[in-house]
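In what follows, a structure is listed as structure tokens, so that the remarks can point back to it.
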């Protein structure tokens, strides 16, 4: 009996060996390599190490007294540097900063217009009038290059003459959207294109209007040399348009795009904030508490018609200011919706649409030459939002409009005043915003900082908070104060999330 069992065991062993040999030969002919044989800890995020921003207004001819304000998040460890320079200038920078958490405001003198070599380079694409869209070099503009600790949570804004906060300094990209009144309504629309990289850029400008796409007027092939800024007057191209949406796209390289709308003969107007990319659910934050009819501009860039529903997220809750039935908008067009019932109410606007749309909101106010103050569709604040310069005193008051369109939100608001070292920081206050509500938080100069001087604010969503959208408004102090500016708050990241790497099996030769 034992011999039989032994023979069977030997036969089974021979079979196992034979199968193993066959498998080995197969693997030898068709090698299989396991990319990661054992689970390895993966890095989930990495510190932000480089940030690039550009501002068109500082240094422009005819705009003396312009400034650039910037700050990097306090508490960033390690060394770093932020350098503010004129675009295209190789001379000494305007300022070089190495201290995170310190508010810096740099004055930029206007650049004199040269009297020679001013022949404009014409864009080859024809405008509706048959005239070419003229592209001219623009003296002025600054670039901010930040690295290391000064890149983490860095934010910058351009400040108009007289200390009036005007616009955020944006980063390079390949796709920008701007929506607002057309040339017939405002008079003058100027496009600025800044190339702060070392590669030439080629830009196309597509226009949508209240009458549909602007046929035959696509402004294509706009060349922007490295380290330069050019400008185009779009008055002729957009002649007769009451509403407009501009899509600025770089087919080669990257640019920073900015649009200024000016009424009458004023030298400067309102800088339109870049709208978020088209989506089926967008939020416009920062609707101010001042009186006046809000004008909503909605663009439908696709060919399909859009059915949209509006919700106003206020301190009293959310409701439909135009009724629950919604509005229908033809594809490829822009519409204007007057929201008289929102006068004096602060909060945000939520737009739900059957097809992707983008939008902006105009409220009466702003300095002479501006058609109003603008805010635009923006994403929720991720990690933190930073506003580099705010006002409290000298006839102006800054406030935050915080909105939680869906779930309730909890945020910490911290003011940082200009000063030595890391600046003067307030302890910070925690705000709770109920679901589908908005809150208004007045900002004050931190203790120890000079009242009337600019100060920064950091908005930090706390763990477990729902999505929060923010806008900073500046209103002249006193009863019935007039609106001076609105700024949608963008995220200022200190870390970036890395894509997760999955284990893979690589089989060469097959």
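The values are calculated or read from the model by the stated rules, or taken from the named source; none is laboratory data. Predicted, not measured: the structure shown is a model, and the values here were computed from it. Every residue, glycine among them, receives a Cβ derived from its backbone with ideal geometry; neighbour counts consider all protein chains shown.
Residue by residue, here is whether (1) surrounded by fewer than 22 Cβ atoms within 10 Å (Cβ to Cβ); (2) modelled with pLDDT of 95 or more; (3) under 15 Å from residue 260 (Cβ atoms) holds:
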| residue | (1), (2), (3) |
| --- | --- |
| 105 | yes, no, no |
| 141 | no, no, yes |
| 145 | yes, yes, no |
| 161 | yes, no, yes |
| 175 | yes, yes, no |
| 181 | no, yes, yes |
| 189 | no, yes, yes |
Among the residues of region 191-206, which ones are surrounded by fewer than 22 Cβ atoms within 10 Å (Cβ to Cβ) and closer than 30 Å to residue 303 by Cβ? 202, 204, 206
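Rundown of residues vs (1) modelled with pLDDT of 95 or more; (2) part of a strand (DSSP E or B); (3) not assigned by TED's automatic domain parsing to the domain that holds residue 172, yes/no style:
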| position | (1), (2), (3) |
| --- | --- |
| 245 | yes, yes, no |
| 256 | yes, yes, no |
| 266 | no, no, no |
| 283 | yes, yes, yes |
| 286 | yes, yes, yes |
| 296 | yes, yes, yes |
| 307 | yes, yes, yes |
| 311 | yes, yes, yes |
| 318 | yes, yes, yes |
So the strands (runs of 3 or more DSSP E) completely within region 367-418 holding 3 or more residues that are touching a residue at least 40 places away in the same chain (Cβ under 8 Å) and within 13 Å of residue 465 (Cβ to Cβ) are 396-404, 409-417
Take residue 167 and decide whether it is at pLDDT 95 or above, surrounded by 21 or more Cβ atoms within 10 Å (Cβ to Cβ), assigned by TED's automatic domain parsing to the domain that holds residue 222 and under 21 Å from the mean Cα position of the chain (by Cα). no
Determine, yes or no, whether residue 415 is modelled with pLDDT of 95 or more and not assigned by TED's automatic domain parsing to the domain that holds residue 107. no
Out of curiosity, is residue 327 in contact (Cβ under 8 Å) with a residue 40 or more places away in the chain and in contact with a strand residue (DSSP E or B) (Cβ under 8 Å, 6 or more places away or on another chain)? no
Looking at residue 229, is it touching a residue at least 40 places away in the same chain (Cβ under 8 Å), surrounded by 22 or more Cβ atoms within 10 Å (Cβ to Cβ) and assigned to a loop (DSSP other than H, G, I, E, B)? no
